[in-house]
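*Asks:* Here it is, the structure, as structure tokens.
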């Protein structure tokens, strides 16, 4: 009998692990994904080239490119575990929990922490957040108009609403807001040579993580002494079945929230304004009846942008998927942009179609226990910012974007805009 092992298995001819692959455009990557979806929907690949901490014993990972298989992996949480991390490479447990919170946990611990965090999102808190999002969006676009045509859209608009929303949600003081936004950027930019500018990526990662933990610890201490009407007060005082969040859990969730709140909305906003520039008929369609059409439009914004490109799981047991036998202990990586362009799930996925319905994108994951807790906040931000953009600067045009290379966030570093 032939025994199959990770070390004896041949790597796929299409290389999803190289720096060159992730330095190309989404359209170029889609050509490779399309072949894999059709011919080899679950394929074996070498470790990624840009690993933060290269592991000589890492044999590689399974790439999952079809939407249906992404959903299977996402929902079978008893088979595909998150506790060993959600990025390609193996990261020490201490660093995992300090930066990824319950994203890098499995039930029952994941269940307990998520319940405690969810308990802080009361209906009153959600209403307060939505009111502040609308007010912030109005101010941001007013400031963009004042800055004038030709400025960088990312700096002056896309990145502003997420950090202001986060700050209002948790009560970050004005003096720390810019630093918190910078630190959140650092945690997903360690593979970007422009951002690093010669610095050690691991040192940048650890320094900014420590800073965010310090901010969270200070905020937690203040809110325990003087509770306010903000999410952080709810977090430190939330109680479920007699349990409360420990300080380390609060700090780790703050790191996760800082990154997640920043990237999904920021990158989707940038990609969507570029798409509205490239497809003026879709902009015109949205403006004709904004209030009734923005709901469907936001889903297409997210599908088109696919702001988070990959998430990993680790198999707990042997499992058959897409014609392959995944062995216990092997890494499985879901490729969300590929799932969002799967022709078995989407009619003409290459079209930017704001009226697309149904739109079963996996922009917030494929479901299951790790479905994005802040999805409603991201949607509220996108509704608000595009409402203000199309009202205050209806003729706004995006220029050529400068993309950030990387295999995790579909990031735009800068992009000029005119109006």
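*Asks:* Taking residue 361, is it more than 30 Å from residue 148 (Cβ to Cβ) and outside any loop (DSSP other than H, G, I, E, B)? Outline the logic, then answer.
*Replies:* On the way: more than 30 Å from residue 148 (Cβ to Cβ): yes; outside any loop (DSSP other than H, G, I, E, B): no.
No: the conditions fail for residue 361.
*Asks:* Any idea which of 205, 161, 212 is under 24 Å from residue 130 (Cα atoms) and touching a residue at least 24 places away in the same chain (Cβ under 8 Å)? Even if it seems obvious, please write down each step before you answer.
*Replies:* Details: 205 fails: under 24 Å from residue 130 (Cα atoms); 212 fails: under 24 Å from residue 130 (Cα atoms).
Answer to the selection: 161.
*Asks:* Please state which one of 141, 73, 86, 117 is touching a residue at least 40 places away in the same chain (Cβ under 8 Å), closer than 30 Å to residue 34 by Cβ and assigned to a helix (DSSP H, G or I). Before the answer, list the steps.
*Replies:* Working: 141 fails: closer than 30 Å to residue 34 by Cβ; 86 fails: assigned to a helix (DSSP H, G or I); 117 fails: closer than 30 Å to residue 34 by Cβ.
Answer to the selection: 73.
*Asks:* Counting just the residues of region 385-410 that are in a loop (DSSP other than H, G, I, E, B) and in contact with a strand residue (DSSP E or B) (Cβ under 7 Å, 6 or more places away or on another chain), which one comes out farthest from residue 288 (Cα to Cα)? I'd like the intermediate steps shown before the answer.
*Replies:* Initial filter on region 385-410 (in a loop (DSSP other than H, G, I, E, B)): 393-396, 399-401, 404-408, 410.
From what is left, the residues that are in contact with a strand residue (DSSP E or B) (Cβ under 7 Å, 6 or more places away or on another chain) are 396, 399, 401, 404, 407-408.
Working: 396: 16, 399: 24, 401: 27, 404: 34, 407: 37, 408: 35 Å.
Result: 407.
*Asks:* Sticking with this one: Would you mention how many residues in region 149-179 are within 15 Å of residue 389 (Cβ to Cβ) and part of a loop (DSSP other than H, G, I, E, B)?
*Replies:* Residues that pass the stated criteria total 3.
*Asks:* Would you pick out the residues in region 38-68 that are in a helix (DSSP H, G or I) and buried (at least 22 other Cβ atoms within 10 Å of the Cβ)? I'd like the intermediate steps shown before the answer.
*Replies:* Looking only at region 38-68, we keep the residues that are in a helix (DSSP H, G or I), and these are 38-39, 67-68.
The answer is 67, and nothing else.
*Asks:* Of all helices (runs of 4 or more DSSP H) completely enclosed by region 206-320, which ones contain at least 1 residues that are under 30 Å from residue 417 (Cβ atoms)?
*Replies:* On the way: elements: 231-237, 247-278, 280-288, 290-305.
It comes to 247-278, 280-288, 290-305.
*Asks:* Considering each residue of region 134-185, count those that are within 30 Å of residue 224 (Cα to Cα) and over 19 Å from the mean Cα position of the chain (by Cα), and give that number.
*Replies:* Residues meeting the conditions: 14.
Laboratory data are not the source of any read-out in this text; all were calculated from the coordinates shown. Only a predicted model underlies this, so the values are computations on that prediction, with no experimental measurement involved. Cβ: placed from backbone, ideal geometry, glycine included. Neighbour counts: every protein chain shown.
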